[in-house]
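The values are calculated or read from the model by the stated rules, or taken from the named source; none is laboratory data. Given the structure is predicted, the values throughout are model-derived calculations rather than measurements. Cβ atoms come from the backbone with ideal geometry, glycine included; neighbour counts cover every protein chain shown. Please note that ligands, DNA and RNA were not included when accessible areas were found on the heavy atoms of the full protein model with its side chains. Shrake-Rupley method; radii C 1.70, N 1.55, O 1.52, S 1.80 Å.
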Amino acid sequence: MTAIAADRYRLAPRMRSLEPSPFLAVLQAAREVEARGRKVVYLSMGEPDFATPEHVKQTGIRAIQRGETRYTAMDGTVQLKDAIGRKLLRDNRLTYQRHQITVTAGGTQAIFNVMLATVGPGDEVILPAPFFQPYLSAILLCGATPVILPTREEEGFMPRAKRIAEVVTEKTRWLILNSPSNPAGAVIDRTELAEIAALLRQHPDVLVFSDDIYESIYYGDEPFSNIVNVAPDLADRTLILNGISKAYAMTGWRIGYLAGPEPLVAAVSQVTATSTFTASSIAQAAAVEALDGPQASLVTQNAAYRNRRDLMVDKVNQIPGLHCRTPDGAFYLFINCSQFVGKRTPEGTLISDDLGFVLHLLNHAGLASVQGSAFGMPGFIRIAYAASEETLNEAADRLAAACTALR
């Protein structure tokens with residue numbers, strides 16, 4: 001390519017902050033393994049394996065037949081915002097009005113729009129690790145500084161108030177709290193939430209982003225709580241993120257939502273208006289039915305996820321060199337593979353890091369996972385147990401065989 005052509009296709013300087021997607025890299029490697037004729041078991045995708053409930057699908061179909069195929073209000077239909085309000089009151093014991101709710105085209109867009117609306121150069125965002133990777137990308141693209149806060153495996157990967165206190169500064173704009181978390185399934189208990197709230201009262205300018213997207217996939221005995229449940233006085237600076245993707249197996253419908261202070265919600269809505277303009281009218285109609293209609297599928301799915309979790313935790317912890325804690329929510333295991341770093345494959349390739357271990361699992365056993373370094377915590381891998389027990393048993397056998405082959 002000539003110098004003139006290269007200059008023609010130059011990218012914005014902000015693109016230098018982005019790394020190639022680690023998820024796409026693993027997917028590409030898996031496709032290459034499949035191209036060589038080997039079956040790959042995919043435990044790398046964070047997606048329910050259940051079908052969207054039939055009554056929700058039929059509602060979407062009827063919306064099309066009624067001609068509900070035009071633009072909606074940019075922050076979501078009145079019907080959906082009211083359904084979200086009812087859900088938040090019913091399930092979370094929280095009251096939000098229409099003007100405090102906005103709808104986005106999925107949770108990831110909500111994350112980006114919040115950062116774009118509220119942070120820039122000079123701002124800091126406290127991001128506990130392991131983290132959902134789009135948080136890091138959104139912070140960097142907006143020119144803010146991510147303050148990575150490592151959590152500890154022995155503490156259940158739960159962010160602790162005492163460690164947050166060590167990194168909060170006058171530049172801190174947001175504290176991200178993802179519970180249950182992706183990738184570790186960590187749940188922040190009420191005691192820790194209360195301690196975090198006490199710390200935040202000493203820093204009145206710090207906003208809180210409560211990512212509750214995995215709320216419905218929760219295995220605790222006590223009702224799920226976020227920081228506003230524990231500290232209602234923080235409601236005026238907390239944004240709650242949720243959606244229908246995980247709870248109702250509707251990842252492709254692309255509906256997320258935010259609830260919080262009107263000035264923040266209005267700013268995010270303005271960003272949405274200049275990007276996607278609106279979420280899908282059809283998906284919004286279906287989302288109303290998901291939130292207002294029968295909730296039996298949540299109970300059935302949660303029971304299945306719990307059984308799968310217990311199955312995989314038991315099998316993984318029987319493999320010499322691997323260990324993982326029992327997560328309290330979501331549908332992931334975050335597995336410590338650090339004992340295999342420094343070992344060699346049967347072909348003599350050195351496993352130099354967690355990505356090397358992930359590639360070994362792919363090449364030797366046809367098992368797709370994701371490296372912990374993609375979530376800001378090297379030395380681990382993430383597997384999703386959103387798959388049938390038959391598939392999980394096969395995956396566990398493949399995982400054990402791949403580990404045994406290392407020397």
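When you go through 40, 125, 56 one by one, which is the residue that is open to solvent by less than 20 Å² (accessible area, probe 1.4 Å) and either among the basic types (Lys, Arg) or free of Cβ contacts under 8 Å to residues at least 60 places away in the same chain (or both)?
On the way: 40 fails: either among the basic types (Lys, Arg) or free of Cβ contacts under 8 Å to residues at least 60 places away in the same chain (or both); 56 fails: either among the basic types (Lys, Arg) or free of Cβ contacts under 8 Å to residues at least 60 places away in the same chain (or both).
Only one candidate qualifies: 125.
Scan the range 141-155 for residues that are open to solvent by less than 50 Å² (accessible area, probe 1.4 Å) and touching a residue at least 12 places away in the same chain (Cβ under 8 Å) and report the count. Full working, then the answer.
If we filter the range 141-155 for residues that are open to solvent by less than 50 Å² (accessible area, probe 1.4 Å), which is where we start, we get 141-144, 146-147, 149, 151, 153, 155.
Next cut, touching a residue at least 12 places away in the same chain (Cβ under 8 Å) only: 141-144, 146-147, 149, 151, 153.
So the count comes out to 9.
Would you confirm, using the coordinates I've provided, whether residue 196 is in a loop (DSSP other than H, G, I, E, B) and β-branched (Val, Ile, Thr)?
Spelling it out, it is not the case that residue 196 is in a loop (DSSP other than H, G, I, E, B) and β-branched (Val, Ile, Thr).
Just to verify a result, which residue in the range 256-306, among those that are in a loop (DSSP other than H, G, I, E, B) and within 14 Å of residue 113 (Cβ to Cβ), is most open to solvent (accessible area, probe 1.4 Å)? Talk me through it step by step, then tell me what you get.
Residues of the range 256-306 that are in a loop (DSSP other than H, G, I, E, B), as a first pass: 260-261, 274-280, 293-295.
Among the residues that remain, those that are also within 14 Å of residue 113 (Cβ to Cβ) are: 260, 274-279.
Values: 260: 1, 274: 115, 275: 71, 276: 61, 277: 76, 278: 25, 279: 7 Å².
So the residue we want is 274.
Examine the range 307-316 for a residue that is modelled with pLDDT of 95 or more, more than 30 Å from residue 400 (Cα to Cα) and either assigned to a strand (DSSP E or B) or within 21 Å of the chain's Cα centre (by Cα) (or both), and state whether such a residue exists.
no
In this structure, is residue 234 under 22 Å from the mean Cα position of the chain (by Cα), within 18 Å of residue 260 (Cβ to Cβ) and assigned to a helix (DSSP H, G or I)?
no
With (1) in contact (Cβ under 8 Å) with a residue 60 or more places away in the chain; (2) in contact with a helix residue (DSSP H, G or I) (Cβ under 7 Å, 6 or more places away or on another chain); (3) farther than 26 Å from residue 160 by Cβ as the list, and residue 93 as the residue in question, which single condition is left unmet?
Unmet for residue 93, out of (1) in contact (Cβ under 8 Å) with a residue 60 or more places away in the chain; (2) in contact with a helix residue (DSSP H, G or I) (Cβ under 7 Å, 6 or more places away or on another chain); (3) farther than 26 Å from residue 160 by Cβ: (3).
Please work out which one of (1) in contact with a strand residue (DSSP E or B) (Cβ under 9 Å, 6 or more places away or on another chain); (2) open to solvent by less than 20 Å² (accessible area, probe 1.4 Å); (3) over 25 Å from residue 375 (Cβ atoms) is the condition residue 26 fails and give its number.
Exception for residue 26: condition (3).
Among the numbered conditions (1) more than 24 Å from residue 149 (Cα to Cα); (2) open to solvent by 10 Å² or more (accessible area, probe 1.4 Å); (3) in a helix (DSSP H, G or I), tell me where residue 361 comes up short.
For residue 361, the exception is condition (2).
Matching residues to (1) of a type in the set (A, V, I, L, M, F, W, C); (2) over 17 Å from the mean Cα position of the chain (by Cα); (3) buried (at least 24 other Cβ atoms within 10 Å of the Cβ):
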| position | (1), (2), (3) |
| --- | --- |
| 347 | no, yes, no |
| 351 | yes, yes, no |
| 356 | no, yes, no |
| 368 | yes, yes, yes |
| 373 | no, no, no |
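Within the range 102-182, which helices (runs of 4 or more DSSP H) (wholly inside it) include 3 or more residues that are more than 16 Å from residue 210 (Cα to Cα)?
Ranges flagged: 133-141, 161-167.
Identify the single condition in (1) more than 21 Å from residue 309 (Cβ to Cβ); (2) in contact with a strand residue (DSSP E or B) (Cβ under 6 Å, 6 or more places away or on another chain); (3) crowded, with 22+ Cβ neighbours inside 10 Å that residue 237 does not satisfy, given that it satisfies every other one.
So residue 237 meets the others, but not (3).
Taking interchain pairs and intrachain pairs at least six residues apart, which have beta carbon atoms under 6 angstrom, with the first residue in the range 333-345 and more than 27 Å from residue 306 (Cβ to Cβ) and the second modelled with pLDDT of 95 or more and open to solvent by 60 Å² or more (accessible area, probe 1.4 Å)?
Note: pairs meeting the criteria are 344/350.
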